[in-house]
Amino acid sequence: MRKLVYYVGVSIDGYIAGPGGEWEFYPLADDMMAWMNTEQPETVPAHIRAAIGLDAPARRFDTVLMGRGTYVPGLDAGVASPYSPLRQYVVSATLPDSTDPEVEIVRGEPLELVRRLKKEDGMDIYLCGGGKLAAAVLPEIDELIIKHYPVVAGTGIPAFSGEFRPTQFTPRQSRTFSNGATVTWYARAN
């Protein structure tokens with residue numbers, strides 16, 4: 001069965017973005033970007049892939065799931081299909097139907113969508129964000145890939161924003177980069 005994998009960057013204090021969606025405060029490094037481009041190329045937004053000439057096939061994911069708050073900033077910048085050629089689902093009760101055939105707006109319960117997608121054949125499902133959606137689908141998250149950046153945000157959009165629901169994951173491996181960021185892989189604990 002396919003896995004739902006939450007692959008996200010967070011500050012030391014657990015924020016995926018600032019209160020206005022800012023993410024530029026995360027320190028970047030060439031070795032980390034090279035790793036992301038090689039190991040997770042399909043998670044690099046399409047407009048960035050085009051700008052850097054990244055034309056690599058998907059390695060792990062063929063489907064992406066995101067919330068309104070993750071999708072709208074790209075849409076506002078003119079990027080209607082941020083993760084082409086992946087199957088793209090945006091969970092939102094307020095967005096109008098997408099005019100892009102690669103993007104489906106989902107108004108229903110995200111857990112039902114995830115459970116249906118996990119039963120289909122294919123590669124794993126990339127949970128792109130945000131925090132509200134991640135909290136809503138937490139019972140179905142099989143793996144976390146967390147990019148921990150060495151910066152305190154102070155406030156912002158938390159990685160999980162929902163009810164109190166302690167869920168244990170087990171660290172499996174970790175890798176550190178020249179900017180001090182660490183990527184850690186976690187599997188859902190039994």
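Only the coordinates and a few stated rules stand behind these numbers; no lab work does. Since the structure is predicted, the reported quantities are computational estimates derived from the model, not experimental observations. Cβ atoms come from the backbone with ideal geometry, glycine included; neighbour counts cover every protein chain shown.
Within a straight-line Cα-Cα reach of under 18 Å, Lys3 can be paired with the following lysines, leaving aside sequence neighbours fewer than 8 residues apart in one chain: Lys118, Lys119. Under the combined filter of DSSP loop state and at most 13 neighbouring Cβ atoms within 10 Å, segment 44-136 retains these trypsin sites (Lys or Arg not before Pro): Arg59, Arg107. The separation of segment 32-70 from segment 137-168, counted between C-alpha centres, amounts to 20 Å.
Candidate values (1) 55, 36, 26; (2) 41, 41, 33; (3) 50, 35, 28 were compared with Cα extents along the principal axes in Å computed on the shown model; the agreeing label is (2).
Measuring nothing but how far apart in sequence close Cα pairs (under 8 Å, 6+ apart) lie, relative to its length, the chain scores a relative contact order of 34 percent. The distance between label points at Arg172 and Thr38 comes to 2.0 nm (points 7 Å beyond Cα on the Cα→Cβ vector).
Report for the chain the percent antiparallel among DSSP-assigned beta bridges with both residues inside it, nearest 5.
Among the beta bridges of the chain, antiparallel pairing accounts for roughly 40 percent.
Along the chain, the exposed loop sites are GluC sites (Glu not before Pro) outside DSSP states H, G, I, E and B with at most 16 other Cβ atoms within 10 Å, and the longest stretch free of them is 25-101. Only aspartates and glutamates eight or more places from Lys147 in sequence, or on another chain, were considered; those with a Cα closer than 14 Å are Asp13, Asp31, Glu39.
Extension gain, Lys119-Ala187: 0.36 nm per intervening residue step, less the Cα-Cα distance, totals 22.6 nm.
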